[in-house]
Every structure is written in structure tokens, then in C-alpha cells.
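First the structure, in the form of C-alpha cells, and then the observations on it.
The values are calculated or read from the model by the stated rules, or taken from the named source; none is laboratory data. The shown structure was predicted, so the numbers you read here are calculated from the model rather than taken from an experiment. Please note: Cβ atoms are built from the backbone with ideal geometry, for glycine as well, and neighbour counts cover all protein chains shown. Surface areas here come from the heavy atoms of the whole protein model, side chains and all, with no ligands, DNA or RNA. Shrake-Rupley method; radii C 1.70, N 1.55, O 1.52, S 1.80 Å.
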Amino acid sequence: MRKVIGAINMTVDGFCDHTVILPDEEIHQHYENLLLEAGVILYGRITYRLMEYWKEFIEHPSGEKSMDGFALAIDNIPKIIFSNSLKNTGWASAIRSDLPLVQTVTELKQQKGKDILVGSRSLIIQLMQLHLIDELQLCIHPVIASKGLPLFEDIHEKMLLKRTKTKNFDSGAVILYFEPVLAS
């Protein structure tokens, strides 16, 4: 069965805001590898629109290996977008789902193939509430934002997690890998 992996960047104070973090070559390389190892990535409309930034690097490479490599990886991975207002994705490798999130993820998990990435805060929250996240990868950047969207804002029940791995970056960022612990 395919794993559902919620992977997201956040600040030390728990906010998800790509405008305040400064990913470097090492972090771009990590996420390029993650995308290359996955079979599909799920986005909500807001994060999807944010990721469209990388389309420019496909048409006009920057010459910086880590940025261009990440752009190619994000361009190639199939993307499923969950949005009520977005009608056209405008990206050849992206489709909009007409099915509910739970149905789409349940069906994807049953299929053969590589793991399923979830890259949007809102989808990670929903899938955690549905107990459909198999692994949570939190890339915590050494930044205090003091405002923004907190990752766990809408989680209203206690959830136990087991840390399975840690990855440190030279920039001071760290990825904490967690698996949910099922209550007995």
C-alpha cells in the first residue's frame, strides 16, 4: 500500500509561510529528491498557486542547479489539486480533483505505485483529522515569523506521534520525521 506523506516547511514558532524562510541549495536538493521518489503530490488551491512560481524556471532556467533541478522535479510529478474555485490548472502535469479528498486519497493508497505527497497545510490538517497521514515530515527553519498560518491550528484532538528520523541541514533547518501512533 502506498504511504501518504505530509511534507511541509515551517518556522520555529510553527507557522507555514514560504515568504519568511530561505531555502538553500541543500534544501532544494532534498525536496527535489523527495519529488523524484514520489508518485503524485496533492495541493490545495493556495499552495498550488504558490508552486506555479516554478513554471518560470522550466521556460527560463536560472542556471542555479538546485533551483532548476527542483523546478524540473515539480514540473514532472503529477499533481492533483483540490479546489472549488479553480477550474483550469494551466499546468500539463496538474489536474483538479472532482472527488472528495478522502475518496481520492483512499483510492490512491490502494493503487500500486510510489508514495503520495501532500504539500498543502490545509490538506495535511484534513488528512490528519481523518487519520490518513502515514508520515509527517516537518522541515523547521531557524526563523521566528511571529505571525501567519499555524500548521496545527485546526487539530482539536490529541494525536501521538513517534519520531522516526531527523535530518539536519547546514542552514540550521531540520526535518523531523514522524509517524502517527495509533491509540490502543
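What a 1.4 Å probe finds exposed on segment 1-97 is 56% carbon and sulfur by accessible area, rounded to a whole percent. Only Cα pairs under 8 Å and at least 6 apart count here; give the relative contact order of segment 1-143 as a rounded whole percent. Value for segment 1-143: 47 percent.
Rounded to the nearest 0.05, what FRET efficiency do residue 167 and residue 107 give with R0 = 45 Å and r taken as the Cβ-Cβ distance? Could you check?
Efficiency, from the Cβ-Cβ distance: 0.90.
Available extension along the chain between residue 55 and residue 176 is 40.7 nm, counting 0.36 nm per residue and deducting the alpha carbon span. Ellipsoid semi-axes for segment 28-184, based on the Cα gyration tensor and the rule √(5λ), read 25, 21, 16 Å when sorted largest first. Looking at segment 40-100, the trypsin sites (Lys or Arg not before Pro) that sit in a DSSP loop and have at most 12 other Cβ atoms within 10 Å of their own Cβ are 87.
Using the Cβ-Cβ distance between residue 17 and residue 86 with R0 = 22 Å, the FRET efficiency computed as 1/(1 + (r/R0)^6) comes to roughly 0.55. Counting only protein heavy atoms and a 1.4 Å probe, segment 63-134 has 49 square angstrom of accessible area per residue. Over the chain, dividing the summed -39,500 (n - 2.57) contributions of all DSSP H runs of at least 4 residues by the number of residues returns a 222 nm mean residue ellipticity of -8500 deg cm²/dmol.
Listed by chain and number, the lysines whose alpha-carbon sits under 22 Å from that of residue 65, ignoring those within fewer than 8 places in the same chain, are 55, 167. Extent along the principal axes, Cα only, for segment 106-172: 39, 30, 21 Å, with the longest axis given first.
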